[in-house]
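The values are calculated or read from the model by the stated rules, or taken from the named source; none is laboratory data. None of the values given here were measured: they were computed from a predicted structure. Neighbour counts run over all protein chains shown; Cβ positions are idealised from the backbone, glycine included. Protein only, heavy atoms only, side chains kept; ligands, DNA and RNA dropped before computing areas. Shrake-Rupley method; radii C 1.70, N 1.55, O 1.52, S 1.80 Å.
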Amino acid sequence: MKIAKENLENYEVQLTIEVEAERLGKAKLTAAKNLANRMSIPGFRKGKAPLEVIERHVGKKDLMNEAAELLIQEAANEALKQEDITPVTEIKYDIVTNEEGQDFVFKMTFTPYPEVKLGEYKNLKIEKQVKEVTDEDVQTQIDVLRDHHATLTEAAPDDLTVKGDFITLDFDGYIDGEKFEGGTGRSHPMTIGSGHFIPGFEEQLIGLKAGQEVKIKVKFPDDYHSKKYAGKDAEFECKILSIKHRELPELNDEFAQKVSTFKTLDEFKENVRKNMVASAERAAIEKQKDELIDTIAKNITVDIPPIMIENQLTQLIREQDLQLQARGMSLTQYLQMIDMSLEEFRESMRESAEKSVRVNLMLEEVADVEKIEVDQNDYRYEVAMLAATYNIPPKEIQKIIRKENQGSLLVSNALRRKVMGFLIKENIPEETVEKIEAEPTEAKAEAASETEKQAEE
């Protein structure tokens, strides 16, 4: 078999495959046998009709086309293996010569995976930066709890609004003197100072009485989710309908006992600090891990075909759609809410898609260079993780995987997890690695296996 490779435009390649006439002849015999097993020919038992009869029955052209399909499948796989190429896109096949007694020639055109050259990926120094937990941080966290347990009391008729008050109001918004869509509200609830409205809006509601009307002038942020209003000046005509003061519980031992299992405020504060320190440590480790992967991905040399970015964008949007559906909202409704077209939304995710493709290419190359492979324990672990995430028995997860033909995706996820575990161990101090669940351990694999056995019983 002869192979000629040609680089085309737009990252495509074309392989011209020339297969010996003898192999075409054998493929013709196999095709005839396959057809004989599928057809009923008078005078012959199924599968017993000779080549000449099959050829007369279906026609020489159709028989040769059947042979060509068989030979293309076989020769294409051999060519890809020989040239060490993996297609990114579907392969387009064109038959050049398919004549009995002559060499069989066909072309296959596709976009291949790009060549990836690793940069530094071992012994990198990625510092872990843990945010210090201050007394102010602890107090802020406790104040959040106090606010959660606050009581609301109706304001006196002459009381003025202050930050933290819960109010209801009517408002009509105008841009260039015209009402705009989404700028009208009736009996709208709001906590002054929550920061849920346009910057500068809530502050102008301080110092007002119930029943009072006021005009508020604001400017939409330049990065406002609706491009239609971003950066524009607006005026709101507002009327305060009701005011309720928020009364925080007194910060004492009684409060600590109400919101926790601790008897004293000091014990409660110490526990809050302890939890915040632990959370800061976990956040620092996750950030350290992310920075490591990003650094290694940036160190690779690769020319990424645009089609890979487009495919990843399609996948990201599909995932976003599924997440929205889980929350009872369609992608169309979400796009209307943020005032973006599907094309604009797709473009907004491009940077994330490019990063994801680059990281995946890096992980695959590390796996290849370091000979990292997925074993049965890794696969079972992925199954167990899915089972735990969706609260479905592993046995049912396995059925879904087979039905949806998603086994390769699970293997890919397992490999990705394993490679990340390898990179973390190679670059992050051991004491930190122990805190990162990046790679399935034997204990986890055993647990996954046990879970699977229990589901099958």
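Which aspartates and glutamates have a Cα less than 12 Å from the Cα of residue 371, not counting those fewer than 8 places away in the same chain?
Result set, ordered by chain and number: empty.
Filter the GluC sites (Glu not before Pro) in the range 227-283 down to the DSSP loop ones having no more than 15 other Cβ atoms within 10 Å, then list what survives. Working shown, then result.
Details: sites: 235, 237, 247, 250, 254, 267, 270, 281; in loops: 250.
When the GluC sites (Glu not before Pro) of the range 227-283 are filtered for loop state and at most 15 Cβ neighbours within 10 Å, 250 remain.
Could you pull out every residue, at least 5 positions away or on a different chain, whose amide H is within less than 5 Å of the one on residue 184? Hs are placed 1.01 Å off N in the peptide plane, and Pro or chain starts have none.
The answer is 173.
Among 63-71, 378-386, what's the highest-first ranking by average C-beta atoms within 10 angstrom per residue? Don't skip to the end; give the middle numbers.
Numbers: 63-71: 19.0, 378-386: 21.3.
For the peptides 63-71, 378-386, the packing ranking is 378-386, 63-71.
Taking every Cα atom in the range 250-328, find the radius of gyration and the maximum pairwise distance Dmax, and write them in Å.
Rg and Dmax of the range 250-328, Cα atoms, are 22.9, 64 Å.
For the chain, what does -39500 (n - 2.57) per DSSP helix run (n ≥ 4), summed and divided by total residues, give at 222 nm, in deg cm²/dmol to the nearest 500?
Details: 15 runs with 227 residues, N = 457.
One gets -16500 deg cm²/dmol as the mean residue ellipticity at 222 nm.
Going by accessible area, probe 1.4 Å, with all protein chains left in place, what is the ranking of 161, 332, largest first?
On the way: 161 0, 332 90 Å².
Greatest to least solvent exposure: 332, 161.
What is the percent carbon and sulfur in the accessible area of the chain, measuring with a 1.4 Å probe over the protein chains and ignoring ligands? Before the final figure, lay out each step's value.
Details: 13170 of 28180 Å².
The value for the chain is 47 percent carbon and sulfur by accessible area.
Kirkwood hydrodynamic radius for the chain: how many Å is it when counted over pairs of different Cα atoms? The partial results should precede the final answer.
Working: mean 1/r = 0.0339 Å⁻¹.
It works out to 29.5 Å.
Of 122/298; 289/395; 33/92; 209/258; 122/289; 163/227, which ones are farther than 23 Å apart at the Cα?
Numbers: 122/298 14 Å; 289/395 33 Å; 33/92 27 Å; 209/258 34 Å; 122/289 14 Å; 163/227 30 Å.
Cα-Cα > 23 Å for 289/395; 33/92; 209/258; 163/227; rest within.
Return one whole number: the accessible area per residue of the range 209-302 in Å², for a 1.4 Å probe. All intermediate terms of the calculation are to be shown ahead of the outcome.
Numbers: 5730 Å² over 94 residues.
Using a 1.4 Å probe on heavy atoms only, each residue of the range 209-302 averages 61 Å².
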